[in-house]
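Undergrad: Below: one structure in structure tokens.
Any read-out appearing in this document is the output of simple, stated calculations on the displayed coordinates, not a laboratory observation. Bear in mind the structure is a predicted one, so any value in this text is a computation, not a measurement. No Cβ is skipped: glycine too gets one built from the backbone with ideal geometry, and neighbour counts run over all protein chains shown.
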Amino acid sequence: MKHWQSCIIDVTETCRKAIEVVDATAARIALIVEEERLVGVVTDFDIRKALLCGVHLDHPVIQMMNRHPSTMPIESPESDILQVMKRENRKQIPLVDAKGRVKGLRLFHDMLAGGIGQFSLPVLLMAGGLGMRLRPLTESCPKPLLKVGEKPILEIILENFIEAGAREFYISVNYKAEMIRDYFGDGKNYGVSITYIEETTRLGTAGAIGLLPKTMDSPLLVMNGDLLTKVDFHQLAAFHRIQKADATMCVRESCYQIPYGVVKSKDFIMEDIEEKPMRADFVNAGIYVLSPAVIKRVKAHEYLDMTDLFLHLLKEKKRALVFPIREYWLDVGRMEDFNRAKEEFF
């Protein structure tokens, strides 16, 4: 990689600085050095893991970085570097000299024709909701066709996936389904394939999965049709694959304030009072990746919510993982959020 030096930051920097470097460079990595020696790296995966653990952006980068990154000697043949990348599912490999000083950086997509950037998962967009919280706007128009700027919400979502490389789409429809069909057609105008999944009865947030072809042999990305987000779908798909997940749920941090003084006590003795404290939890973000075995277990015409599906997987000790979203995300389900989307989404 040319200009790999722009990925280097000192170990005394903050997590915020590392995130800026990861987001600003095509390499998607920050190389953490101490007196020119590589002491760690920060990738998108490390950032999301740190957010789940509550690491603050102004904390030292040492709290976020991977202290044991894969490296290779600067003199390594390109064929050996590529082999290690394939075996370890690495997108980047720092090259170091005998003293551990960074002397180069190799990127997988630079070394392999076609790269890893092609997003090849089929996508199911859930667009059958009634949109009750957006009445009266949805009395004559299904929520996915409400416009944010000059385009309907669902078209913005579709085009974001197309830009990422997705070409195979399923759209679950129910309320005013004919309007959605008429607008998007079979997808030829977008250069993709669109197949409609008709819910003749309410099937919950996961029931439409049971109407998909049972021959599907690749993971499936499922997303609610009323979300505006800039989540990195490549990172999400790679995370699901590398972690060998059965199901992956995107989560986002939700902060809220308790409107009362919280009293802490032990054995009737008051220990402290915290006035109107702020709390933060990770909540379901409405974006999922499901492996073929999980898809096939959903029965046709079975009412099933996505949270119940994940709870079933947990009871069966399946590998259900979470992927924290750190990018823009907005659920356009309420009037105030719809108005907010029209002001800030671009």
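Undergrad: With respect to the cross-link table entries Lys230/Lys317; Lys296/Lys317; Lys244/Lys315; Lys91/Lys296; Lys143/Lys244; Lys49/Lys103, which display a Cα-Cα separation exceeding 25 Å?
TA: Pairs exceeding the cut-off: Lys230/Lys317; Lys91/Lys296; Lys143/Lys244; Lys49/Lys103.
Undergrad: Normalising by the residue count of the range 27-116, find the relative contact order in percent from Cα pairs under 8 Å and 6+ residues apart.
TA: It rounds to 24 percent for the range 27-116.
Undergrad: Name the residue farthest towards the positive end of the dipole of the chain from the options Met306, Gly261, Gln235, assuming +1 on Cβ of Lys and Arg, -1 on Cβ of Asp and Glu, about the Cα centre.
TA: Working it through, the farthest residue towards the positive pole turns out to be Met306.
Undergrad: I need the shape label for the range 82-191. Rule: rounded when a/c is under 1.5, else prolate if a/b > b/c, else oblate, with a, b, c from the alpha carbon gyration tensor.
TA: It comes out prolate by the Cα gyration axes.
Undergrad: Sort Cys53, Cys250 by Cβ crowding within 10 Å, fewest neighbours at the top.
TA: Starting with the residue having the fewest Cβ neighbours, the order is Cys53, Cys250.
Undergrad: Considering the options Asn89, Trp4, Ser70, tell which one lies farthest towards the positive end of the dipole of the range 4-111, charges being +1 on Lys and Arg and -1 on Asp and Glu at the Cβ, about the Cα centre.
TA: Positive-most Cα among the choices belongs to Asn89.
Undergrad: How do Asp182, Asp226 line up, fewest other C-beta atoms within 10 Å first?
TA: Asp182, Asp226
Undergrad: For the range 123-344, with the dipole built from +1 on Lys and Arg beta-carbon atoms and -1 on Asp and Glu ones, taken about the Cα centre, which of Gly191, Phe338, Ala206 lies farthest toward the positive end?
TA: Most positive-ward Cα: Ala206.
Undergrad: How high is the relative contact order of the chain, given as a whole-number percent (alpha carbon pairs under 8 Å, six or more residues apart)?
TA: 15
Undergrad: Let me ask something else about it. How large is the translational diffusion coefficient of the chain in µm² per second when you combine the Kirkwood radius over alpha carbon pairs with Stokes-Einstein at 4 °C and 1.567 mPa s?
TA: 57
Undergrad: In what order do Arg279, Arg37, Arg167 fall by count of nearby beta-carbon atoms within 10 Å, going from fewest to most?
TA: Neighbour counts put them in this order, fewest first: Arg279, Arg37, Arg167.
Undergrad: With an 8 Å Cα cut-off and a minimum separation of 6 or more residues, compute the relative contact order for the range 103-262 in percent.
TA: 28
Undergrad: Once the piece of chain linking Gln243 and Asp186 is laid out straight, how much longer is it, given 0.36 nm per residue of separation minus the C-alpha distance between them?
TA: Result: 17.1 nm gained on full extension.
Undergrad: When all C-alpha to C-alpha distances in the range 4-111 are sorted into bins of 5 Å, what percent of pairs does each bin hold, rounded to whole numbers?
TA: Spelled out bin by bin, the range 4-111 gives 2, 13, 25, 24, 19, 11, 4, 1 percent.
Undergrad: Still on this structure, please answer the following. Pop a pseudo-label 7 angstrom from the Cα along the beta-carbon direction at both Tyr260 and Leu82 and give the gap in nm to one decimal.
TA: Those two pseudo-labels are separated by 6.5 nm.
Undergrad: Shifting gears a bit: So if R0 is 51 Å, what FRET efficiency would Ile74 and Thr200 give, r being the distance between their Cβ atoms, rounded to the nearest 0.05?
TA: 0.25
Undergrad: Where does the Debye-calculated log10 I(q)/I(0) of the range 161-249 sit at q = 0.16 Å⁻¹, using only Cα point scatterers of equal weight, no solvent?
TA: Ignoring solvent entirely, the Cα scatterers give -0.78.
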